[in-house]
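Trainee: Structure provided below as C-alpha cells; questions to follow.
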Amino acid sequence: MADPYAQSGEFVDVLSREAWLALRPPVVTALSRARPERGPIADIGAGTGLGTMVVAATLPTAEVVAVEPSPILRAALLTRLAGDDLARRVTVQAADIAGMVLPDRLGGVLAVNMIGHLAPDQRRAFWADLRPRLAPDAPLIVNVQPPPTPVTVPETPFTSVPVGRRTYQGSGAARPAGPESVIWTMRYRVLAEDGAVERDLVVDYHWYVLSVRELLDELGAAGYTAAVIDMDVLAATPA
Ligand SMILES: C[S@@+](CC[C@H](N)C(=O)[O-])C[C@H]1O[C@@H](n2cnc3c(N)ncnc32)[C@H](O)[C@@H]1O
C-alpha cells in the first residue's frame, strides 16, 4: 500500500492537535463504555498517537494496540511512547487493516480520522471483522470528516500553529473523484517570522466520502447499534 503520508507526515501531528481538542470530549464520552478488563483497546490508523494518548489517559489500566501502516507517522507514535510509562501497555503494529492481527477479544476500538481511507467494500469488511471481537457493549468509536458527498470544497485554511520562530499552516481544497470519493489537495506551509513562505508542500489524498446517516445505516446493517455522540463521532456496539 502506498503511504499517503510519505511526504506530509512531518506536519500531521502539529496540525492535528487543535482538531483533537474538539474530538477529545466525544471520544472520552464514548470510551466510558469501553471494557478494558475484557480485552485491549485497538486504535486503528493511530497516526502519531493523539487518539492513543486519549485512550491511555481515559482508561489508565487499559492495554492498547495501536495499528499504523505509515512509517513516518509510526515513527512519531513510537517517539511518543518510548521512554514513557505508556510503553508498558501500548503495542504498535506496523500494519494496515488488511495486515493487522487483532486479539479475539477487544475492549473497544478507535478508528478516528481514518475511515475515508477505506473503500466501501474495505469498510464493510472492517465492520464485519471487528464485530465478533468486541466485548458485549464495548464501543467501536468512529467519525466522519467532510465532505459527506463528492462535492467541491474551496480552498479552506484549517489551522496555524506557531513553533519557535516559524508558523505551520494547513489548508485544503477538495474536488469530486467519482460517485463516492473526493481528492483532497492539502497544502502545508511553513512561514518565517516576516510571513514569508519558507516551505510549501502540496499533497493529494484520495478520500472516500460518507455522511453520518450513511455510516449509521451501514453500521446498523453490519449488526451494530450506533449513535452519534458529538462532532460527527459515533459509538457503535454489537447489537
Ligand atoms: C488523518 S490520519 C489520522 C491519525 C489518527 N487516527 C488521528 O486522528 O490523529 C489517518 C490515518 O489512517 C491511516 N491509514 C490509512 N489507510 C489505512 C488502512 N488501510 N489501514 C489502517 N490505517 C490506515 C494512516 O496511515 C493515518 O495514520
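Trainee: Quick one: in the stretch 18-39, which of the residues that are over 16 Å from P139 (Cβ atoms) and more than 9 Å from the ligand (Cβ to nearest atom) is surrounded by the most Cβ atoms within 10 Å (Cβ to Cβ)?
Mentor: My answer is E18.
Trainee: Quick test for you: out of V212, V203, V233, pick the one residue that is touching a Ser or Thr at 6+ places or on another chain (Cβ under 6 Å) and in contact (Cβ under 8 Å) with a residue 24 or more places away in the chain.
Mentor: Just a single option satisfies the conditions, and that option is V203.
Trainee: Hey, another quick one. Based on what the data block shows, is D13 within 11 Å of the ligand (Cβ to nearest atom), surrounded by 15 or more Cβ atoms within 10 Å (Cβ to Cβ), in a helix (DSSP H, G or I) and acidic (D, E)?
Mentor: yes
Trainee: Given (1) open to solvent by less than 40 Å² (accessible area, probe 1.4 Å); (2) over 20 Å from the mean Cα position of the chain (by Cα); (3) not hydrophobic (A, V, I, L, M, F, W, C), where does R166 come up short, assuming only one miss?
Mentor: For R166, the failing item is (1).
Trainee: Quick check on the stretch 129-140. Is at least one of its residues open to solvent by 10 Å² or more (accessible area, probe 1.4 Å), within 19 Å of the chain's Cα centre (by Cα), free of Cβ contacts under 8 Å to residues at least 40 places away in the same chain and within 23 Å of V228 (Cα to Cα)?
Mentor: There is at least one residue in the stretch 129-140 that is open to solvent by 10 Å² or more (accessible area, probe 1.4 Å), within 19 Å of the chain's Cα centre (by Cα), free of Cβ contacts under 8 Å to residues at least 40 places away in the same chain and within 23 Å of V228 (Cα to Cα).
Trainee: Scan the stretch 27-49 residue by residue and report those that are more than 20 Å from M100 (Cα to Cα) and within 14 Å of the chain's Cα centre (by Cα).
Mentor: V27
The values are calculated or read from the model by the stated rules, or taken from the named source; none is laboratory data. For clarity, every value in this text was computed on a predicted model and none was experimentally measured. Here the Cβ is made from the backbone with ideal geometry for all residues, glycine too, and neighbour counts use every protein chain on show. Heavy atoms of the whole protein, side chains included, go into the accessibility calculation; ligands, DNA and RNA do not. Shrake-Rupley method; radii C 1.70, N 1.55, O 1.52, S 1.80 Å.
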